[in-house]
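What follows is one structure encoded as structure tokens, with my remarks underneath.
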Amino acid sequence: MFENGAVRAPYRRLEDWTRAMPAELRQMKQAEAEALFRRIGITFAVYGEGGDPDRLIPFDMFPRVFSNAEWTRLERGIKQRARALNAFLADVYGRGEIVRAGRIPSRLVYQNEAYEKAVTGFLPPKGVYSHIVGIDLVRTGPDEFFVLEDNCRTPSGVSYMLENREIMMRMFPDLFRENRILPVDGYSGRLRHTLASVAPAKCDHDPTVVILTPGHFNSAYYEHSFLADLMGVELVEGQDLFVEGEFVFMRTTEGPKRVDVIYRRIDDAFIDPLCFRPDSMLGVPGLMDVYRSGGVSICSAPGAGVADDKAVYTYVPEMVRFYLGEEPILQNVPTWQCGKSDDLKYVLDHLAELVVKEVHGSGGYGMLVGPKSTAEQVEAFRARIVADPGNYIAQPTLALSTTPTFVNEGIAPRHVDLRPYCLVGETIELVPGGLTRVALTEGSLVVNSSQGGGVKDTWVLAE
């Protein structure tokens, strides 16, 4: 919010707003926000800790604000990255030109557990593998943004982006009258259009779209049902679908109805027990045969996860150069791959200074934040790295930007990141905003809700 002691332009109108809000009103509004979240049912699930796994995600009322110029640059960089990631997926499931050219080691691609041989040689409709790309970004300076990681499979959290805005507009309508804030409520319409635009070759009618969920025990089930409701499509589980001949059908009270596009929110391994895990009760037997024959589209495509592997991540700038012939607009965080002997030596020598992550980890688990860890934790993690170096990458601890956040004592700086949602179909588009996650614990760099993080509304100002 501040630069060289002065309030930055995008935040100027918020300074008066905070000063005019007494502590009693702030506490009342915070309680109102929590009541709204609880009434609507916005929870996330944490497993393995005992007790009720459903929790209310902490919501901070102080919005994060981007100027229009800042957002324009971010939008260009996100779209560029989404194009490169999809070009990479089409390539590695096809001719593998980037591997042949020596730009990325073949073992990182073809020996990757996320690489699905079942779709080798198959090109999905419009050549799109990852239809919803969540790019996690951090800011380190006035004009410096870095990509922390790419999410090419089923990035979650977009329901919070939409609900955060809804609740802020309900609680502080004057703020939206005083500030020209670009809307995000068109996301569901854009998502439906994106999914319909990649209908399969055999679809000769207005495509029927469904969301495939693992069920109400899944941590993101609220989001699955929320998006289905907003788009006006059916929310289905594996048992609601069946394969007959060349097509997939949905069981309805009026008889079977053909399904053309499946927005799947289940992992690859569970999509089809005849192709992947035979013990899966969540998928649809025979679904992959219909998919490969052009009878149904699966979004995002099975196998898309090889593009968001944290070791493959280090090569995304090279993908931009290789496939697009452009220089990357958004930079990666400098990364050491522990599978390389020189990198491993550096990481082990500087472990207490680095952030170390599992290559396939998520949710803030399986990672070490060296400067925030005890000597015992560092040494325990060292043993894990030595036992399986290829399973880890390391990055410097960046001086992440902070935004003002309401805490018990008033307003304090807390670290944040940003996840915009890029939709890739016939066209590439994203709404002006995203999910800002905030590390509510003082000094913490971990923003994941499963690790005590919260969420904020994200504003992009009109010109």
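The values are calculated or read from the model by the stated rules, or taken from the named source; none is laboratory data. Just so it is clear, the structure is predicted and the values come from calculations on it, not from any experiment. Backbone-built Cβ (ideal geometry, glycine too); neighbour counts: all protein chains shown. All accessible areas refer to the heavy atoms of the entire protein, side chains included, with ligands and DNA or RNA removed. Shrake-Rupley method; radii C 1.70, N 1.55, O 1.52, S 1.80 Å.
Picking from residues in region 420-446 that are touching a residue at least 40 places away in the same chain (Cβ under 8 Å) and of a type in the set (Asp, Glu), the one that is farthest from Gly127 (Cα to Cα) is Glu429.
Of all the listed residues (Pro389, Pro396, Pro371), the sole one being touching a helix residue (DSSP H, G or I) at 6+ places or on another chain (Cβ under 9 Å) and in contact (Cβ under 8 Å) with a residue 60 or more places away in the chain is Pro396.
Out of Glu409, Glu429, report the one residue that is over 29 Å from Ser219 (Cα atoms) and open to solvent by 30 Å² or more (accessible area, probe 1.4 Å).
Every option except Glu409 fails the conditions.
Being farther than 30 Å from Arg139 by Cβ and open to solvent by less than 10 Å² (accessible area, probe 1.4 Å), is that true of even one residue in region 332-347? No; the residues of region 332-347 include none that is farther than 30 Å from Arg139 by Cβ and open to solvent by less than 10 Å² (accessible area, probe 1.4 Å).
Residue by residue, here is whether (1) surrounded by fewer than 23 Cβ atoms within 10 Å (Cβ to Cβ); (2) modelled with pLDDT of 95 or more; (3) assigned to a loop (DSSP other than H, G, I, E, B) holds:
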{"position": "Val248", "(1), (2), (3)": "no, yes, no"}
{"position": "Arg258", "(1), (2), (3)": "yes, yes, no"}
{"position": "Ile262", "(1), (2), (3)": "no, yes, no"}
{"position": "Ile266", "(1), (2), (3)": "yes, yes, yes"}
{"position": "Leu274", "(1), (2), (3)": "yes, yes, yes"}
{"position": "Val284", "(1), (2), (3)": "no, yes, yes"}
{"position": "Met288", "(1), (2), (3)": "no, yes, no"}
{"position": "Tyr291", "(1), (2), (3)": "no, yes, no"}
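One residue stands out in region 306-331 among those that are of a type in the set (Asp, Glu) and modelled with pLDDT of 95 or more: the one that is most open to solvent (accessible area, probe 1.4 Å), namely Glu327.
If Gly303 satisfies all but one of (1) open to solvent by less than 60 Å² (accessible area, probe 1.4 Å); (2) on the phi > 0 side of the Ramachandran plot; (3) more than 25 Å from the chain's Cα centre (by Cα), what's the number of the condition it fails? Unmet condition: (3).
The criterion of at least 2 residues that are open to solvent by 60 Å² or more (accessible area, probe 1.4 Å) and over 24 Å from Gly390 (Cα atoms) is met by the following helices (runs of 4 or more DSSP H) wholly inside region 87-196: 158-171, 173-178. Whenever a residue of region 143-168 is under 30 Å from Tyr115 (Cα atoms) and of a type in the set (S, T, N, Q), its partners that are open to solvent by less than 10 Å² (accessible area, probe 1.4 Å) and in a helix (DSSP H, G or I), lying with C-beta atoms within less than 7 angstrom and at least six residues away or across chains, give the pairs Ser156/Glu223; Ser159/Glu223; Ser159/Leu227. Checking each residue of region 201-217 against the condition of being in contact with a Lys or Arg (Cβ under 6 Å, 6 or more places away or on another chain), closer than 20 Å to Pro256 by Cα and assigned to a strand (DSSP E or B) gives at least one match. Going by the structure shown, is Glu442 more than 27 Å from Pro396 (Cα to Cα), part of a loop (DSSP other than H, G, I, E, B), open to solvent by 10 Å² or more (accessible area, probe 1.4 Å) and of a type outside the set (Val, Ile, Thr)? For Glu442, the condition - more than 27 Å from Pro396 (Cα to Cα), part of a loop (DSSP other than H, G, I, E, B), open to solvent by 10 Å² or more (accessible area, probe 1.4 Å) and of a type outside the set (Val, Ile, Thr) - is not met. Does region 235-244 contain any residue that is in contact (Cβ under 8 Å) with a residue 24 or more places away in the chain and more than 23 Å from Met281 (Cβ to Cβ)? Within region 235-244 (the criterion being in contact (Cβ under 8 Å) with a residue 24 or more places away in the chain and more than 23 Å from Met281 (Cβ to Cβ)), the answer is no, since none of the residues qualifies.
Restricting to region 375-401, what's the tally of residues that are of a type in the set (Val, Ile, Thr), open to solvent by 20 Å² or more (accessible area, probe 1.4 Å) and at pLDDT 90 or above? I'd like the intermediate steps shown before the answer.
Just the residues of region 375-401 that are of a type in the set (Val, Ile, Thr), to begin with: 378, 385-386, 393, 397.
Within this subset, residues satisfying the condition of being open to solvent by 20 Å² or more (accessible area, probe 1.4 Å) are 386, 397.
Right, trim to at pLDDT 90 or above and you get 386.
So the count comes out to 1.
Can you report the number of residues in region 222-241 which are of a type outside the set (A, V, I, L, M), open to solvent by less than 10 Å² (accessible area, probe 1.4 Å), closer than 24 Å to Phe37 by Cα and at pLDDT 95 or above? Residues in region 222-241 being of a type outside the set (A, V, I, L, M), open to solvent by less than 10 Å² (accessible area, probe 1.4 Å), closer than 24 Å to Phe37 by Cα and at pLDDT 95 or above: 1 in total.
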